[in-house]
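First up is the structure itself, then whatever we jot down about it.
The values are calculated or read from the model by the stated rules, or taken from the named source; none is laboratory data. The model shown is predicted, which means the values in this text are computed figures rather than measured ones. All Cβ positions, glycine included, derive from the backbone under ideal geometry; neighbour counts span all protein chains shown.
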Amino acid sequence: MIVANKNKIAEMAENMSGMDAVDGRSLWADARRRFMHNKAAVVSLVILALIVLFSFAGPYFAVWSNEEIDWSVMGSAATKGMPSFETGHFFGTDDLGRDIYSRVIQGTQISLMVGVLGAFVAVIVGTLYGAISGYVGGRTDQIMMRIVDILMAIPFMFVLILMLVVFGRSIGMLFIGIGLLAWLDMSRIVRGQTLSIKNKEFIEAARATGVSGFKIITRHIVPNLLGVVAVYATLLVPGMILTESFISFLGLGVQEPNTSWGALISEGAGTIRYDTEWQLLFPLAFFVVSLFCFYFIGDGLRDALDPKDR
Amino acid sequence: MLNYVIKRIAIAIPTMLILIIISFLLMHSAPGGPFTSERPLPPQVLANIEAKYGLDQPLWRQMINYVWSVTTQFDFGPSFKYKDRTVNEIIGQGFPITLKYGFWSFVVAIGVGIPLGAIAAIRKNTWIDYLAVGVSIGAQVLPNFVMAPLLVITFTLWLGWLPGGGWNGGEWKYLIMPVIALSTSYMASIARITRSSMLEVLNTNYIRTAKAKGLPASIIIFRHALKPSLLPVISYLGPAFVGLITGSVVIDIYFSTGGMGYFFVNSATNRDYSVMMGITILVGFLTILFSLVVDLLYAWIDPKIRY
């Protein structure tokens, strides 16, 4: 009897210590759970992951690389260059005999890279600028925000094209240009959030213990902004991709031999009169599906992280 | 109100000056002068040409001259590539075309977007709501440079109803596709904004009061609900205007309509800096002017806003 009871007590003690190990749900775990309930967002995330995977794994299945030219098709893409498994041109070719499949892979890599890097630049610059402006406040804040107002009134696409013409057209220039001009919205949003955070007790405590202003911004304010920044950054990426595609569509962005979705859509759009619609439709499909995914993920994140919803 | 107007104008003027100075400095930091060509000119000829265009003067003087002639005489100087044409002539040729299809795109975006969004909100969760939401989500990923080729495939190559490009003096057949391609994504955004703000307004207490009083639905919607729900739409008009004018570049290139965008891209590939600057500054001026008008309109409609 006593032995059995002892066993039971030990078991109960074990159970209790086991229960202790269960953590409370953190803010991020909560947001993740909410995000996972949003079907459209999760499906979008999966599709987008597949597209990224395709842009890296795709070349291993390609018969033609993006640098090879199929001389037998050159000049007669409309009759010989259609998509087919026999010739190895899964997405067809263009009139120069270049393989659309390989070029779409290349374009996907470059468009996604410009989108993500452009958004990255914009997020870093915008977050720091907005956080400093909001935290310091007063006259500095007014001047910094007035500068943003002025820059926002400038027709950004035209200035960007001007910059590309002046400094030469390269991918590096493109994403610096896009990123540097796209941080304005970000800085406004971050400033607004900072204003509401900076009067909280923990900031006061940090100030009272003598933490420096810059450290308060980077260690205490910016981490609390991450939710807003994450939502806005996912919505920035498709915006960046749209901008890049727009400029490449005009022939002023990514230059040969590199390519991007915009450049491919532009080529395809220019040749639809010659019955090579696959040249337009394959890059277009990738472009449209990816943008859809980014928007749905952004929406899902916003719902998951929106403090109003709790 | 008057104070606010003065304050807004006081911001607009330095904005304009900064835009002019930025584009001027950008242009001058370009490697190689405007007359560098593959066949180098004899130095005396080059010096003469530079003197003619005032390029031999120090930078600050050139800048002051440029800002002065732009702001006081609206003179953007001569084109660097077409020796016999001034920038003003080029803008004068392209601008009316851009203005015409731009105006109609704006009308379509507002005239279709607002009713679509309002009806979707009033008939929430019916097929028309789903249609409007579907259209506005779809159009988000169909920017003008995607719409344009898709329209040409459908209406020119497949159905053969409309010409695939050209302007022909702005005849309606040549106007339809540019207007649709340019306005679709803004129409969709306006519909989405109208729908969500209308839904919010329809849930307010004063609308419930109006319903309880037994007012007919048409009066509730047109007199009480529509005006406050249009406020977010009005603040979207500024960005929409910028988007339309930027999108006109794609329209001009793809449909060969011959508007300002054509000259802009052409001069970008030719490095014809004075034309590029002229168009950038003109667009900037229009943008600033338009956002000023929108802000004043907003302040006039919404009496709660006091500055």
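Reported count of residues in region A:169-207, each being more than 14 Å from chain B (Cβ to nearest Cβ) and part of a loop (DSSP other than H, G, I, E, B), is 3.
Considering only residues in region B:71-117 that are at pLDDT below 80 and hydrophobic (A, V, I, L, M, F, W, C), the one that is farthest from the chain's Cα centre (by Cα) turns out to be B:80.
Conditions (1) of a type in the set (A, V, I, L, M); (2) at the interface with chain A (Cβ under 9 Å from one of its Cβ atoms); (3) not in a helix (DSSP H, G or I), marked per residue:
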| site | (1), (2), (3) |
| --- | --- |
| B:236 | no, no, no |
| B:241 | no, no, no |
| B:245 | yes, yes, no |
| B:248 | no, no, no |
| B:258 | no, no, yes |
| B:267 | no, yes, no |
| B:275 | yes, no, no |
| B:279 | yes, yes, no |
| B:284 | no, yes, no |
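Considering only residues that are in contact (Cβ under 8 Å) with a residue 40 or more places away in the chain and not in a helix (DSSP H, G or I), which ones fall in region A:268-291? Within region A:268-291, A:271, A:275, A:276 meet the criteria.
Taking the listed residues B:233, B:201, B:179, the one that is more than 26 Å from residue A:154 (Cα to Cα), modelled with pLDDT of 85 or more and out of contact with any strand residue (DSSP E or B) (no Cβ under 9 Å at 6 or more places or on another chain) is B:201, with no other qualifying. With respect to the conditions (1) within 14 Å of another protein chain (Cβ to nearest Cβ); (2) surrounded by 13 or more Cβ atoms within 10 Å (Cβ to Cβ); (3) among the small types (Gly, Ala, Ser); (4) more than 26 Å from residue B:262 (Cα to Cα), residue B:102 falls short on a single one, namely (4). Just to be sure, is residue B:248 buried (at least 17 other Cβ atoms within 10 Å of the Cβ) and under 20 Å from residue B:88 (Cα atoms)? Yes, satisfied. In region A:248-267, of all residues being in contact (Cβ under 8 Å) with a residue 60 or more places away in the chain and more than 16 Å from residue B:149 (Cα to Cα), the one that is nearest to the other protein chains (Cβ to nearest Cβ) corresponds to A:252.
Counting the residues of region A:255-292 that are within 21 Å of the chain's Cα centre (by Cα), under 22 Å from residue A:170 (Cα atoms) and surrounded by 18 or more Cβ atoms within 10 Å (Cβ to Cβ) gives 9. When A:102, A:111 are checked against the criterion of being within 29 Å of the chain's Cα centre (by Cα), of a type in the set (S, T, N, Q) and within 14 Å of another protein chain (Cβ to nearest Cβ), a single residue qualifies: A:111.
When residue A:211 is tested against the conditions (1) aliphatic (A, V, I, L, M); (2) more than 10 Å from chain B (Cβ to nearest Cβ); (3) free of Cβ contacts under 8 Å to residues at least 12 places away in the same chain; (4) not in a loop (DSSP other than H, G, I, E, B), the lone failure is (4). Taken together, the residues in region B:233-285 that are of a type in the set (S, T, N, Q) and within 30 Å of residue B:118 (Cβ to Cβ) amount to 3.
With in contact (Cβ under 8 Å) with a residue 60 or more places away in the chain and β-branched (Val, Ile, Thr) as the only criterion, which of B:91, B:64, B:153 stands out? Just one listed residue meets the conditions, B:91.
Consider region A:268-309 and keep the residues that are acidic (Asp, Glu) and more than 9 Å from every other protein chain (Cβ to nearest Cβ). The one that is nearest to residue B:189 (Cα to Cα) is A:299. Screening residue B:214 with (1) assigned to a helix (DSSP H, G or I); (2) surrounded by fewer than 17 Cβ atoms within 10 Å (Cβ to Cβ); (3) more than 11 Å from chain A (Cβ to nearest Cβ) gives one miss only, at (1). Filtering region B:286-307 to residues that are among the small types (Gly, Ala, Ser) and either free of Cβ contacts under 8 Å to residues at least 12 places away in the same chain or facing chain A (nearest Cβ under 7 Å) (or both) leaves only B:291.
The set of residues from region A:111-157 being part of a helix (DSSP H, G or I), among the aliphatic types (A, V, I, L, M), touching a Leu at 6+ places or on another chain (Cβ under 7 Å) and without any contact (Cβ under 8 Å) to a residue 40 or more places away in the chain comprises A:151, A:152. Remark: residue A:166 falls outside the filter, which requires a residue to be closer than 24 Å to residue A:291 by Cα and either crowded, with 22+ Cβ neighbours inside 10 Å or within 14 Å of chain B (Cβ to nearest Cβ) (or both).
Among the residues of region A:52-68, those identified as part of a loop (DSSP other than H, G, I, E, B) and either surrounded by 13 or more Cβ atoms within 10 Å (Cβ to Cβ) or among the polar types (S, T, N, Q) (or both) are A:62, A:63, A:64, A:65, A:66, A:68.
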